[in-house]
Amino acid sequence: MHSFIRIFLILLLYSTFANAQLSDLAGIDYTYIPTVKSDVEYSRLRGLFNYPIKLKKEGTYLFLGIDYSNIHLRSNREFPFDTRDLNDFQLLDFNFGYTTPLNDTWRLGVQFKPGFSTNLAADALSLEDVVLSGTVVFIKTGKEYYGKAQKLVLGVTYSGNSGFNFPLPFISYFRKFDPKWSYNLGIPKTNLQHYFSEKHRLKAFAQLDGFTSNLQREVPIIDGEAANTINLSLILSGLQYEFHFTEHLQFYARAAYILSINDELRDKGRNSIFSLDSDAKIYLRTGVKFKI
């Protein structure tokens, strides 16, 4: 029953990743999970930049960009193996995006993101460090309500270094139903937003977070087992405050409760062989981003 609930929550929440990847042109943020009821402290500094190139066809754009993260894990817990290669991780994706109108109401969006995710313990990249991600969506823009257009998004997404390494559906419906309220419903995303003003907003949200990284040197665990990858997957729910400097530039700060966490070492077959942490509950994140 627990596995069924977890899979359902993943399908419900996953599009937070995909939606951000498709709409953010630039941003920098900092994430922190403190050692409160937790064995491992987690921090992540992330920066991304996407440059749009207008093509000849009306409304058609190519996006080129990069998405970089530096992740640190720290723990005071004594583990039954050497943890020197389990502290610092580098994630880098190269973004190639394309969007074009199909007709008066529908638009196609495609994104391909090759990159690497590694602890760089061997000081050089290898094929095992390479990760691939991609998204294909169809976007329909509808009538405008209270200054915001309806939006329906249908598609599929896959991220090789997000902590959830399998294809997932992308279905999302946005509507502003009141001058002060809007919602985004679907599979997998749901949120509710209150507009105090055009600049100040508060959002109740649910999302996924995490990462997957190759370990360039095998980490011997116990009983002859060795770890080849590390995987952190989080399911969150909380509140986010947003201050909009302009229509496209915003500052945000969020505090969330971790509904589910899996921080584990895996073998070559992606089988879990050791859990680093399963008790963390507090998640904090802040940043600035420029959106389409």
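Against the conditions (1) at pLDDT 90 or above; (2) over 14 Å from the mean Cα position of the chain (by Cα); (3) buried (at least 19 other Cβ atoms within 10 Å of the Cβ), Gly27 satisfies every one except (2). Listed by first and then second residue, the pairs linking a residue in the stretch 183-205 that is without any contact (Cβ under 8 Å) to a residue 60 or more places away in the chain to a residue that is assigned to a loop (DSSP other than H, G, I, E, B) and basic (Lys, Arg), with Cβ atoms under 9 Å apart and 6 or more places separating them unless they lie on different chains, are His194/Lys180; Tyr195/Lys180; Phe196/Lys180.
For the stretch 119-130, name all the residues that are surrounded by 13 or more Cβ atoms within 10 Å (Cβ to Cβ), modelled with pLDDT of 90 or more and over 8 Å from Asn214 (Cβ atoms). It would help to see each step written out before you state the result.
Pass one, the stretch 119-130, residues surrounded by 13 or more Cβ atoms within 10 Å (Cβ to Cβ): 119-122, 125, 128-130.
Subsequent filtering for residues that are modelled with pLDDT of 90 or more retains 119, 128-130.
Of everything in the stretch 119-130, just one residue is surrounded by 13 or more Cβ atoms within 10 Å (Cβ to Cβ), modelled with pLDDT of 90 or more and over 8 Å from Asn214 (Cβ atoms), namely Val130.
Among the candidates Phe116, Phe94, the residue that is surrounded by fewer than 17 Cβ atoms within 10 Å (Cβ to Cβ) and among the hydrophobic types (A, V, I, L, M, F, W, C) is uniquely Phe94.
Matching residues to (1) of a type in the set (A, V, I, L, M, F, W, C); (2) within 21 Å of the chain's Cα centre (by Cα):
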| site | (1), (2) |
| --- | --- |
| His244 | no, no |
| Gln250 | no, yes |
| Glu264 | no, yes |
| Phe274 | yes, no |
| Ile282 | yes, yes |
| Arg285 | no, yes |
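Pull up the stretch 148-189, narrow it to residues that are farther than 26 Å from Ser69 by Cα and of a type in the set (Ser, Thr, Tyr), then point me to the one that is surrounded by the most Cβ atoms within 10 Å (Cβ to Cβ). Among them, the one singled out is Ser172.
A quick yes/no check of all residues on (1) aromatic (Phe, Trp, Tyr); (2) at negative phi; (3) surrounded by fewer than 14 Cβ atoms within 10 Å (Cβ to Cβ):
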| residue | (1), (2), (3) |
| --- | --- |
| Gln207 | no, yes, no |
| Tyr252 | yes, yes, no |
| Lys268 | no, yes, yes |
| Ile273 | no, yes, no |
| Phe290 | yes, yes, no |
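Would you call Ser237 within 18 Å of Asn161 (Cα to Cα), hydroxyl-bearing (Ser, Thr, Tyr) and under 20 Å from the mean Cα position of the chain (by Cα)? It is false that Ser237 is within 18 Å of Asn161 (Cα to Cα), hydroxyl-bearing (Ser, Thr, Tyr) and under 20 Å from the mean Cα position of the chain (by Cα). Here Gln111 fulfils each of the conditions (1) surrounded by fewer than 16 Cβ atoms within 10 Å (Cβ to Cβ); (2) touching a helix residue (DSSP H, G or I) at 6+ places or on another chain (Cβ under 7 Å) apart from (1).
For first residues located in the stretch 248-277 and farther than 25 Å from Phe205 by Cβ, partners that are small (Gly, Ala, Ser) and outside any strand (DSSP E or B) and lie 6+ apart or on another chain with Cβ distances below 8 Å form the pairs Leu276/Ser75.
The values are calculated or read from the model by the stated rules, or taken from the named source; none is laboratory data. These figures come from a predicted structure and were not determined experimentally. Glycine gets a Cβ as well: all are built from the backbone with ideal geometry, and neighbour counts include every protein chain shown.
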